[in-house]
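Data block below; observations after.
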Ligand code: 9MR
């Protein structure tokens with residue numbers, strides 16, 4: 001593994017400290033793994049899902065709703081996989097074909113199917129430059145930003161409690177050597193569109209894991225990989241809620257498995273996020289590349305699961321490359337055996353790899369809830385750094401619910417707001433009233449929502465008061 005590459009922005013002494021830690025952690029895992037591997041091969045699991053589960057992971061596949069009536073397809077799905085990702089049914093054009101008219105029928109078929117069988121579900125995907133419905137493709141600026149946040153809020157709310165994770169943002173970085181964001185109508189709404197989407201998702205479901213997902217971020221030295229790494233590092237430092245990074249890993253169409261893949265997986269994981277292989281397929285299903293990719297995931301404790309992008313070659317978006325684990329007749333290919341072996345040889349992390357989602361380092365609410373006259377309350381928690389802060393405000397409806405709400409707070413002298421999400425501020429300094437957006441004003445009795453803002457200066461001593469409208 002090309003361990004000598006120092007990612008930009010990381011101090012060498014930190015790097016050495018990290019390496020020493022990783023080496024001792026790896027030694028401990030190897031010691032534990034020796035015993036577990038022995039036990040594992042004594043009664044090696046005979047399906048992909050069972051083997052992954054024995055090692056605290058999942059093994060999943062992309063699923064198409066219209067194939068759930070194909071018996072040959074579902075026989076393999078039920079036998080081999082314990083996680084699913086809807087291939088197209090949760091994309092923006094599928095769930096909000098007309099603005100504010102949501103359709104979940106096809107996605108629900110997959111969700112119900114998976115839930116009945118105890119399979120984990122990854123939602124895919126909430127904010128993406130591609131597969132936008134026509135109305136969204138024609139939008140720009142503030143209107144688009146609001147529409148995107150509304151989409152995130154509505155869809156995450158609809159599936160609250162049902163999914164394991166969401167691909168909140170998909171494919172936001174450019175290919176090539178620029179390390180820049182991909183140009184798109186979403187990107188043109190402002191560079192903070194990604195974090196705004198993550199914050200809206202967290203507010204809508206505090207328990208689902210929130211992932212950033214992309215392709216061509218497998219090679220650790222690639223500019224695109226480094227750019228995504230720096231974004232995730234920045235999010236963790238600033239407390240933007242992110243729980244996982246998905247490496248699509250389409251080793252098709254001219255891409256292939258990079259020898260430093262394990263370094264990439266472990267480097268992202270070291271930032272404090274789970275990593276997952278989310279859309280794996282490999283030209284001609286090369287058994288060695290499949291074996292290596294799976295073994296790399298198994299060697300990284302926070303690599304929590306692998307999803308292949310379809311079941312049979314005939315189900316693949318690149319069927320001509322026959323890139324999957326089953327042939328068109330549903331027979332296991334050589335690559336299947338290689339993957340099963342790599343799973344069975346894998347190591348069970350000593351600590352469970354799944355952690356509850358975290359929004360980064362948060363401080364407990366700095367003020368007791370204050371009950372406004374109109375039946376809502378608000379608390380604020382603040383994360384500060386030198387010269388700035390992010391405030392997250394939780395609004396909770398009283399016993400009669402709200403049609404709308406307003407939260408007023410006085411900023412300390414010298415503090416100014418530079419960015420607000422999920423609320424409309426009346427000003428940028430002094431006493432500011434934050435009003436609900438169109439999509440988060442209506443709260444049932446006892447229900448909560450969150451908004452937030454970023455400020456310059458010091459953010460201490462703010463006391464929110466809430467009134468329902
Ligand atoms: O496999 C999906 C295919 O059926 C769709 O036509 C295509 C349209 O964009 O999307 C494919 O899935 C993509 C996934 O959503 C994101 N990463 C790349 C996948 C392959 O194109």
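What follows draws every value from the coordinates through simple rules; no lab data is involved. What you are looking at is a predicted structure, and each value in this text was computed from that prediction instead of being measured. When we count neighbours, we look across all protein chains shown, and the Cβ atoms used for this are built from the backbone with ideal geometry, even at glycine.
Worth a mention:
- The helix-only estimate of mean residue ellipticity at 222 nm for the chain, built from DSSP H runs of length n ≥ 4 each weighted as -39500 (n - 2.57), is -9500 deg cm²/dmol after division by the residue total.
- The mean sequence separation of alpha-carbon pairs under 8 Å and at least six residues apart, normalised by the residue count of region 130-245, gives a relative contact order of 30 percent.
- Calculated FRET efficiency, residue 69 to residue 182, Cβ-Cβ distance, R0 = 25 Å: about 0.10 to the nearest 0.05.
- With Cα atoms, 0 to 90° folded angle of helix 105-116 axis to the chain main axis: 70
- Residues 136, 148, ranked from the fewest to the most other C-beta atoms within 10 Å, line up as 136, 148.
- Taking every DSSP bridge with both residues inside the chain, close to 55 percent are antiparallel.
- More than 45 angstrom apart: percent of Cα pairs within the chain: 14
- Principal-axis tilt of helix 287-298 within the chain, Cα atoms, nearest 10 degrees: 40
- Neighbour counts of other Cβ atoms within 10 Å put 149, 144 in the fewest-to-most order 144, 149.
- Fully extending the segment from residue 175 to residue 160, taken as 0.36 nm per residue of separation minus the present Cα-Cα distance, adds 2.1 nm.
- Förster radius 25 Å - calculated FRET efficiency between residue 445 and residue 116, Cβ distance, rounded to 0.05: 0.20
- A Förster radius of 30 Å combined with the Cβ-Cβ distance from residue 192 to residue 93 puts the calculated FRET efficiency at roughly 0.80.
- Residues 337, 167, 296, sorted so that the one with the fewest Cβ neighbours within 10 Å comes first: 337, 296, 167
- Most simply put, region 57-201 has about 15% antiparallel DSSP beta bridges, counting only bridges with both residues inside it.
- Backbone N under 19 Å from the residue 460 label point (7 Å along Cα→Cβ), restricted to region 421-436: 430
- Value of Rg/Rh across region 45-146 [Cα atoms, Kirkwood radius]: 1.09
- A straight chain from residue 403 to residue 334 at 0.36 nm per residue would run longer than the Cα-Cα distance by 19.0 nm.
- Sorting 434-441, 340-347, 458-465, 98-105 by their mean Cβ neighbour count within 10 Å, with the most densely packed peptide first, gives 340-347, 434-441, 458-465, 98-105.
- Rounded if a/c under 1.5, otherwise prolate or oblate - region 141-187, Cα gyration tensor axes: oblate
- Cα long-axis angle, helix 71-80 against the chain (0 to 90 degrees, to the nearest 10): 80
- The chain - percent relative contact order, Cα under 8 Å, separation 6 or more: 13
- Between residue 140 and residue 221, the simple label model (points 7 Å from Cα in the Cβ direction) yields a spacing of 4.0 nm.
- Highest mean packing first, where packing is the average number of other Cβ atoms within 10 Å per residue, the peptides 89-97, 156-164 line up as 89-97, 156-164.
- The packing ranking of peptides 185-193, 308-316, 65-73, highest mean first, is 308-316, 185-193, 65-73, where packing means the average number of other beta carbon atoms within 10 angstrom of each residue.
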